[in-house]
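The structure under discussion appears below in the form of structure tokens.
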There are 2 protein chains.
Amino acid sequence: MGRRREFDVEQALEAALCVFWRKGYEGASYNDLTRATGVERPALYSAFGNKEALFLRALERYEEQQLGFLPEALAQSTSRDVAEHVLRGVAELNTRHPEHSGCFIVNGALAGSDESEPVRQALITARAKGEAQLRERFERAQQEGDLPATTNCAALAAFLMAVTHGMAVQAKSGFSREALDAVADQALATWPTNA
Amino acid sequence: MGRRREFDVEQALEAALCVFWRKGYEGASYNDLTRATGVERPALYSAFGNKEALFLRALERYEEQQLGFLPEALAQSTSRDVAEHVLRGVAELNTRHPEHSGCFIVNGALAGSDESEPVRQALITARAKGEAQLRERFERAQQEGDLPATTNCAALAAFLMAVTHGMAVQAKSGFSREALDAVADQALATWPTNA
DNA sequence: CAAATTAAATAACGATCGTTACGGTAACGA
DNA sequence: TCGTTACCGTAACGATCGTTATTTAATTTG
């Protein structure tokens with residue numbers, strides 16, 4: 001019963017995601033969000049709750065819609081193919097949209113005022129989740145003999161994440177897809193093998 | 001002539017640097033800055049100009065006082081030693097101060113509102129400067145036979161910078177010195193050589 | 001059709017943002 | 001000692017921040 005919602009919630013969330021992607025959590029104002037979504041502030045509040053909740057919804061959407069290459073990567077048969085898939089996916093994702101380059105999770109809230117601490121922690125958790133998935137995949141590869149027994153799988157996962165985060169910083173600084181691919185190539189050149 | 005300044009400008013700048021280091025450009029308010037420096041707002045304006053000018057002064061100070069390991073690294077005799085020195089220096093710097101972890105230049109303004117665009121560009125320039133110095137050093141190493149002729153020196157420099165930026169993100173996320181050193185080790189694992 | 005319920009839109013809330021007038025104070029030159 | 005100069009601190013500026021009360025419009029239910 002009652003009046004029907006006149007805007008598409010998913011569509012508004014997508015627009016909000018783009019704003020946060022470009023300006024980060026604190027850098028995005030409700031003026032920006034209403035302009036991008038075409039939805040007035042009270043409607044955003046009624047649909048999503050406050051700014052923090054809207055951002056966390058955008059984070060969920062980002063993970064679901066944009067990070068699909070990660071499960072794909074984890075499904076590769078060798079650890080090197082996993083790493084390559086991750087690095088290519090990151091290079092592509094970080095440069096796919098000229099108007100919001102880099103990574104939503106890195107741009108979102110690296111530093112900021114104390115008020116953004118919950119958001120910062122959520123992004124730290126999101127990064128840790130990806131790193132844990134990689135570490136577990138590398139540990140499996142080690143058990144399968146795909147990686148040397150001497151390999152520090154946790155360090156290898158942290159290294160791969162570091163490269164992707166660095167690529168995200170560079171993408172936000174204006175690096176081209178090709179430049180990021182060159183970074184990926186170099187990272188893969190250091191990959192351990194049993195050969 | 002006239003009344004003497006009652007605070008130490010360099011000391012206030014150091015305190016402001018710490019605030020920006022921790023909260024970034026936009027995340028740091030004048031309330032934060034006056035609290036940390038012990039200097040009232042009008043005195044900060046008279047000594048440094050506006051917030052943007054103060055931040056740029058802090059950037060200069062950071063480069064001079066905190067990035068001393070970079071010229072040291074460039075002076076190493078092999079490209080691998082250069083890279084190792086850079087990575088160790090970054091791991092140490094990013095975890096030296098618990099109250100403001102990570103890198104000032106990465107934390108400063110990765111994403112943000114449009115008003116922070118000049119600061120963002122200044123930080124991009126600062127990063128590009130470091131990358132150019134590394135590239136030139138690697139090109140010299142290549143001419144000296146320290147690096148293979150097939151090495152893409154620009155890509156190698158970009159890769160090394162990517163790792164340092166990624167380590168900065170991780171440090172800001174709470175990574176320990178040891179965890180960052182492990183990332184550095186992995187990055188150095190198969191540095192290109194002529195051996 | 002009338003009552004009830006939900007959303008949209010305007011407009012305003014208090015708080016904080018970066019910035020600056022202004023009046024009082026300390027140190028200089030004459 | 002007096003006038004000038006520069007700094008200090010209080011307090012306020014207009015603008016914008018995230019958030020919400022309120023009114024109006026649209027839709028459903030009885």
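Of all residues in region B:9-38, those that are more than 11 Å from DNA strand C (Cβ to nearest atom) and of a type outside the set (G, A, S) total 10. The residues in region B:165-185 that are facing another protein chain (nearest Cβ under 8 Å) and touching a Leu at 6+ places or on another chain (Cβ under 7 Å) can be counted, and the count is 4. Of all residues in region B:136-153, those that are within 12 Å of chain A (Cβ to nearest Cβ) and surrounded by fewer than 22 Cβ atoms within 10 Å (Cβ to Cβ) total 5.
Among the candidates B:H100, B:H85, the residue that is away from DNA strand C (no atom under 16 Å from the Cβ), buried (at least 17 other Cβ atoms within 10 Å of the Cβ) and within 14 Å of chain A (Cβ to nearest Cβ) is uniquely B:H100.
Residue count for region B:113-129 satisfying the condition of being more than 12 Å from the chain's Cα centre (by Cα), within 9 Å of chain A (Cβ to nearest Cβ) and open to solvent by less than 10 Å² (accessible area, probe 1.4 Å): 1.
Within region B:169-189, residues that are crowded, with 23+ Cβ neighbours inside 10 Å have Cβ atoms under 6 Å from residues that are among the aromatic types (F, W, Y) in these pairs: B:V183/A:F159; B:Q186/A:F159, counting only partners at least 6 apart in sequence or on another chain. Where helices (runs of 4 or more DSSP H) sit wholly within region B:1-95, those with at least 3 residues that are within 12 Å of DNA strand D (Cβ to nearest atom) and hydrophobic (A, V, I, L, M, F, W, C) occupy B:41-48. Within the set A:R22, A:R35, A:R57, A:R41, the sole residue that is more than 25 Å from A:P118 (Cα to Cα) and open to solvent by 60 Å² or more (accessible area, probe 1.4 Å) turns out to be A:R35.
Pairs are defined by a Cβ separation below 6 Å, a sequence spacing of at least 6 or placement on different chains, a first member in region A:31-49 that is within 13 Å of A:E14 (Cβ to Cβ), and a second member that is at pLDDT 95 or above and within 8 Å of DNA strand D (Cβ to nearest atom); the pairs so defined are A:F48/A:L54.
The values are calculated or read from the model by the stated rules, or taken from the named source; none is laboratory data. Since the structure is predicted, the reported quantities are computational estimates derived from the model, not experimental observations. Cβ sites come from the backbone with ideal geometry, for glycine too, and all protein chains shown count toward neighbours. Accessible surface is based on the protein model in full, side chains and every heavy atom, while ligands, DNA and RNA are left aside. Shrake-Rupley method; radii C 1.70, N 1.55, O 1.52, S 1.80 Å.
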